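Quick notes on the structure that follows.
Bear in mind these aren't lab numbers, they're just calculated from the coordinates by the rules spelled out. Since this is a predicted model, take the numbers as computed values, not measurements. Here the Cβ is made from the backbone with ideal geometry for all residues, glycine too, and neighbour counts use every protein chain on show.
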């Protein structure tokens with residue numbers, strides 16, 4: 001396989017992860033799990049190289065569900081991420097095919113392979129992070145990742161997610177929502193997940209208050225927690241600290257310390 005922008009050596013090529021079974025990430029742990037009676041679960045659509053709060057949420061749960069069988073919505077973080085550059089923030093966007101596909105599910109979204117986004121993204125990482133302390137430690141994976149001609153957005157995101165979870169040493173069992181035959185309805189789906197996963201506490205982002213029917217949670221004896229994330233600071237290139245960048249900014253700058261720094265994001269507030 002040809003490697004874009006040079007051979008970084010030493011890592012096997014990325015593989016597609018369609019129809020993958022449940023998994024467990026590598027070693028780690030988190031204080032939130034000690035605060036609750038029974039396992040904690042959470043869920044979210046799979047994003048492209050997400051920011052720190054996304055991983056903080058995974059880290060805080062015992063079981064996490066990547067929602068792949070819900071409708072794809074444009075103009076969000078499922079296909080784009082931000083990195084820090086000498087000139088400020090820069091978007092990295094994976095072009096996708098959406099014309100005439102308004103109701104397509106996340107797992108079915110195809111990448112527009114006529115646009116060479118892979119070369120552009122990989123070059124952006126090299127230009128902006130080649131002098132970062134830990135860039136070379138992770139460069140092998142990204143060289144292989146961007147060398148692969150991905151067809152489905154979910155496959156690309158899932159391959160990157162598996163690598164990032166391992167790099168951050170997060171220990172959380174994770175699943176795909178398509179593994180379950182979930183009840184229809186926004187709140188009903190979440191409750192059904194918990195019952196099937198045998199969890200008694202759902203960890204939600206703050207926006208969950210706007211759409212969840214808390215009465216249904218109470219009826220099914222599932223508690224609800226709301227995660228409030230305070231962004232930790234870390235060593236960063238290019239002047240004043242810029243929060244809310246992709247987690248790769250943390251990895252390239254802090255390396256093996258990234259997981260510990262991530263865990264400093266806080267705090268969780270009970271309803």
Margin query: With the cut-off at 1.5 for a/c, could you classify the stretch 23-270 from its C-alpha gyration tensor as rounded, prolate or oblate?
Written below: oblate
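For 249, 62, what ranking results if the residue with the fewest other Cβ atoms within 10 Å of its Cβ goes first?
Numbers: 249 26, 62 20.
Least crowded to most crowded, the residues run 62, 249.
What relative contact order, as a whole-number percentage, does the stretch 23-270 give when Cα pairs under 8 Å and 6 or more residues apart are counted?
Values: 422 pairs, mean separation 73.0, N = 248.
Taking the mean separation of contacting Cα pairs over the length of the stretch 23-270, I get 29 percent.
In what order do 144, 136 fall by count of nearby beta-carbon atoms within 10 Å, going from fewest to most? Working shown, then result.
Values: 144 22, 136 12.
The fewest-first ordering by Cβ neighbours comes to 136, 144.
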Item checked: Sorted by Cβ density within 10 Å, fewest first, the residues 140, 68 -> 140, 68
Margin query: Could you tell me the center-to-center distance, by alpha carbons, between the stretch 200-225 and the stretch 230-257 in angstrom?
Written below: 32 Å
Item checked: Rough spin-label spacing in nm, given labels placed 7 Å along Cα→Cβ, for residue 86 and residue 211 -> 4.2 nm
Notebook entry, point to check: Length gain on complete extension for the stretch residue 173 to residue 113, per 0.36 nm per residue less the alpha carbon to alpha carbon distance?
Noted result: 18.4 nm
Notebook entry, point to check: How high is the relative contact order of the stretch 157-271, in percent, counting Cα pairs under 8 Å that sit 6 or more residues apart?
Noted result: 25 percent
